[in-house]
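First comes the structure, then the notes that go with it.
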Amino acid sequence: MPETARPVPFRGGGFRPVSKRGAGVVVFVLLLAVIEWGTRAGWISSLTLPRPSDVAATLVDLARSGLLWTHLAPSLTRLLVGSLLGVTAGIGVGILIGLFSYVRAGLIPLVAALFPIPKIALLPLFVIWFGIDEGSKYALIALGTFTPTVVATYGAVDNVDRTLVRMGQSFGLRWLSIVRKIVLPGALPGILSGLRVSIAIGIILLVAAEMLGAEYGIGAYILQAGSLYDLERLFAGVVILSSLGVVTSWAIGRLENWLLRWRS
Amino acid sequence: MELTVEKLTHRYGDVPVLQDINLHIPAGEILCVIGPSGCGKSTLLRMLGGLERPDAGQVLQRGSAPADCLNPLTFVFQDFALLPWRSVGGNISLVLEDHGIRGQAADTIICDVLARTKLGDFRDALPRQLSGGMKQRVAIARALAVNPAVMLLDEPLSALDAQTRELLMEDLIALWQRQPFTAVYVTHNLAEAVRLGHRIAVLSRRPGQVREVIEVDIPLSDRAPGDPHLEDLQSRLWQIMKDEAMAADQELLDA
């Protein structure tokens, strides 16, 4: 009996994320629309969730009154100074761990011991060491961003293609040239993806520190709203934090695209 | 400059990889080293270039390198070892920068070696834009830029397809004829060995020992693919190597 010919079923495809523009926005808008509808129709009580349009109005008020900037400016400064200190020190120590066996043997256990400590628990200590005002907050964010940066950096240095290093040696390149021209650029992709995690941790610690003692700052603003059970203001603060997260992640993405142009 | 290997022996932990190797590499000649996989060919080459230290024995260099030589012992690697973040020109200037050669002087050298490897139009291309054969030509151009006294080629064509391999072999022969260089060429491909080697050293399976050194007295330019003399030689080499290769294939890696 002659078999009928049929096409070979397709089994490939998938497992390859491609960029779909706007999908993220659609999910956001849809979610907000459902909440808005629910709060207006009454099947979401105003105690459970605030109305998105009220949150938006609160944000607009906040911006008009200039209070937005009063809270945002100190927060941004703290995040910037703290994570700059932490990330710079982290990259430096990470590279030393990656390059020198003694530093590695000496510091990896220390970093492993520091990593799981909830840094916020150390805030009282930092207040004694660095003062009640900005110093302790900088230190907290710096320490919080330091450990993940160290781990990401020495991992990235370990992963630099050894044949490239050997190539450098075979052409008689100086040690410093090999580090600067081969090891550092080779470790950059890993360092940058570690930066995403570090900055996110930095934002979390920023808010925590501001909740524990600050007059101005997004964290203080959220804490104030929370203790008054003012859901609109609380959510306005949360929206600002989320935007901060989105903006920093976007900025790191741009940085990656620019610094890693050589990747396909 | 010529190299001499004297009683070179090496072990990795408990595993002996090279045993009592004696070789002479005279100036202006290409020595091909062949042997079954895992016989320590690449280790031997790294020792010739000072990238690894033998347990016993030594590698001696005799005579001085040419005056404008920047790096007497220069490698060409199997996987090209190009920096992906540097352009073709940047990869070549990398090996000049440490010698203080920049600007105009570097430019002259880069243009010259790119012309010699037929890459003149690709100076600003990134490695990811190049085919395998072009990447290896860049690596060869980079090696030529330092004007080496001895070229150490570690299976330079093994990562390439057969057609590209043939083209690059012709390129290498042309380069040698233009300016004879000293080279040690490690390969497991017998056809490459008979085409490029003035002498061919056959290593035994691990621990690698020199089984035989065969002279090939046909000039490089007269060797074409399919030449009956070369075919004969190739089957002779295969006879020597066959048992070794079969035995090597049966060995456990960490027995």
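The values are calculated or read from the model by the stated rules, or taken from the named source; none is laboratory data. Everything numeric here is computed off the predicted structure, so don't read it as measured data. Quick reminder, even Gly has a Cβ in these numbers, built from the backbone with ideal geometry, and neighbours come from all protein chains shown.
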Based on what the data block shows, is A:Glu232 charged (D, E, K, R), farther than 21 Å from B:Phe80 by Cα, away from every other protein chain (no Cβ under 14 Å) and crowded, with 18+ Cβ neighbours inside 10 Å? yes
Discussion item. Could you go through segment B:181-191 and let me know if any residue there is within 23 Å of B:Ile140 (Cα to Cα), surrounded by 15 or more Cβ atoms within 10 Å (Cβ to Cβ), touching a residue at least 60 places away in the same chain (Cβ under 8 Å) and small (Gly, Ala, Ser).
Written reply: yes
Taking segment B:64-98 and keeping residues facing chain A (nearest Cβ under 8 Å) and at positive phi leaves B:Ala81
When segment B:36-57 is checked residue by residue, the ones that are at positive phi and either in a loop (DSSP other than H, G, I, E, B) or within 14 Å of chain A (Cβ to nearest Cβ) (or both) are B:Gly38, B:Gly40, B:Gly50
From the option list A:Leu79, A:Leu49, A:Leu110, A:Leu96, single residue qualifying as part of a helix (DSSP H, G or I) and touching a residue at least 12 places away in the same chain (Cβ under 8 Å) is A:Leu79
Over segment B:58-96, the set of residues among the small types (Gly, Ala, Ser), at pLDDT below 90 and touching a Ser or Thr at 6+ places or on another chain (Cβ under 9 Å) is none
Within segment A:244-264, residues being more than 14 Å from chain B (Cβ to nearest Cβ) and surrounded by 11 or more Cβ atoms within 10 Å (Cβ to Cβ) number 9
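Yes or no, residue by residue, for (1) over 16 Å from the mean Cα position of the chain (by Cα); (2) surrounded by fewer than 13 Cβ atoms within 10 Å (Cβ to Cβ); (3) not acidic (Asp, Glu):
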position	(1), (2), (3)
B:Arg165	no, no, yes
B:Leu196	no, no, yes
B:Leu233	yes, no, yes
B:Trp238	yes, yes, yes
B:Asp243	yes, yes, no
Taking segment B:236-255 and the residues there that are closer than 20 Å to B:Arg195 by Cβ and in contact with a Leu (Cβ under 9 Å, 6 or more places away or on another chain), the one that is modelled with the lowest pLDDT would be B:Met241
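Per-residue answers, yes or no, for (1) in contact (Cβ under 8 Å) with a residue 24 or more places away in the chain; (2) under 24 Å from the mean Cα position of the chain (by Cα); (3) over 21 Å from B:Leu175 (Cβ atoms):
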{"residue": "B:Phe80", "(1), (2), (3)": "yes, yes, no"}
{"residue": "B:Ser87", "(1), (2), (3)": "yes, yes, yes"}
{"residue": "B:Gly100", "(1), (2), (3)": "no, no, yes"}
{"residue": "B:Ile110", "(1), (2), (3)": "yes, yes, no"}
{"residue": "B:Leu119", "(1), (2), (3)": "yes, yes, no"}
{"residue": "B:Arg128", "(1), (2), (3)": "yes, yes, yes"}
{"residue": "B:Met134", "(1), (2), (3)": "no, yes, no"}
Does B:Leu60 satisfy being more than 14 Å from every other protein chain (Cβ to nearest Cβ) and surrounded by fewer than 16 Cβ atoms within 10 Å (Cβ to Cβ)?
-> yes
Do the conditions hold for B:Arg142, that is, is it within 15 Å of the chain's Cα centre (by Cα), more than 14 Å from every other protein chain (Cβ to nearest Cβ) and either more than 28 Å from A:Leu260 (Cβ to Cβ) or modelled with pLDDT of 90 or more (or both)?
no
- Can you find even one residue in segment A:163-173 that is within 14 Å of chain B (Cβ to nearest Cβ), surrounded by fewer than 23 Cβ atoms within 10 Å (Cβ to Cβ) and within 20 Å of A:Leu259 (Cα to Cα)? yes
Restricting attention to segment B:29-86, the residues that are more than 30 Å from A:Arg180 (Cα to Cα) and not charged (D, E, K, R) number exactly 19
